[in-house]
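To start, the structure itself, in structure tokens.
The values are calculated or read from the model by the stated rules, or taken from the named source; none is laboratory data. All values derive from a computational prediction rather than experimental measurement. In this analysis, Cβ positions are derived from the backbone assuming ideal geometry, glycine residues included, and neighbour counts consider all displayed protein chains. These area figures cover heavy atoms from the full protein model, side chains too; ligands, DNA and RNA do not enter into them. Shrake-Rupley method; radii C 1.70, N 1.55, O 1.52, S 1.80 Å.
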Amino acid sequence: MSATKPLEGIRVLDLTVALAGPYGSLLLGGLGAEVIRVESPGGGDIARNNPPYVGKDGIHFGVKHADEVSITILNRARNKKSVTLDLKSAAGKALFMKLVKECDVLIENASEGTTAKLGVDYASVRQANPKIIYASIKAFGEPSPYPNLKGMDIIGQALSGMMDVTGFADGPPTRSGLPMADMVAPLFAVNGILSALIHRGKTGEGQLVQVSMLDCLASM
């Protein structure tokens, strides 16, 4: 039997942070894709600050040494390559676009409008690589019908009606113990990416895959 994984030879440019995006790129890496994770200077992914941490003193919740690492980031970034780029600089942007030309998929879950401000939105990326599949995960879609709401998992659970059917019948709406919006949206995103890869194999065309956390929960 061959040990070849289905996405071997596919290169993914990963612009994700927190949970919804990194979980999606983690799944793509598990299927054999080469994932190149891009973080901004000065800290990168906010998940790097999530306790518990691990270091020479073992696992604990308070940082004791400078070389300790969050177990969260070890989990979500496993099987991924990593690079730091300042996309606000001309040099960083130029390097990023060189990577774009060498990649098959880009996945991002930045706040609405962020990629356009940085010049790495689908329209800009597609000019550099028309065959790229650009997957975008947003809390409420883009443009958002709720521009003043932060894209938090609990808000997605509330607006979808999921919290109304969770808990006791005579009790208040209850949040799920798992971050369901953050974890279901990347499943839909990966499904869209795989479908777009099949489409590209037939037509040679790249596509934009847009996923809303709220839509995914409402679907369920």
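Remarks
- Of the strands (runs of 3 or more DSSP E) that lie entirely inside segment 4-112, those containing 3 or more residues that are within 13 Å of the chain's Cα centre (by Cα) and within 15 Å of residue 186 (Cβ to Cβ) span 11-15, 105-108.
- Taking segment 165-203 as the range and being among the acidic types (Asp, Glu) and surrounded by 14 or more Cβ atoms within 10 Å (Cβ to Cβ) as the test, only 182 passes.
- Residue check for residue 12: touching a Gly at 6+ places or on another chain (Cβ under 8 Å) and open to solvent by less than 30 Å² (accessible area, probe 1.4 Å): yes
- Candidate set: segment 70-104, residues that are charged (D, E, K, R) and under 18 Å from residue 24 (Cα atoms); chosen: the one surrounded by the most Cβ atoms within 10 Å (Cβ to Cβ): 76
- Residue in segment 166-185 that is part of a helix (DSSP H, G or I) and free of Cβ contacts under 8 Å to residues at least 12 places away in the same chain present: no
- Qualifying residue in segment 42-55 (condition: under 30 Å from residue 198 (Cα atoms) and at pLDDT 90 or above): no
- Residue 206 being part of a loop (DSSP other than H, G, I, E, B) and either in contact (Cβ under 8 Å) with a residue 24 or more places away in the chain or open to solvent by less than 40 Å² (accessible area, probe 1.4 Å) (or both): yes
- If you check 172, 186 for being out of contact with any Lys or Arg (no Cβ under 7 Å at 6 or more places or on another chain) and within 30 Å of residue 120 (Cα to Cα), only one passes: 186.
- When 128, 135, 110, 77 are checked against the criterion of being in contact with a Gly (Cβ under 8 Å, 6 or more places away or on another chain) and within 19 Å of residue 14 (Cβ to Cβ), a single residue qualifies: 135.
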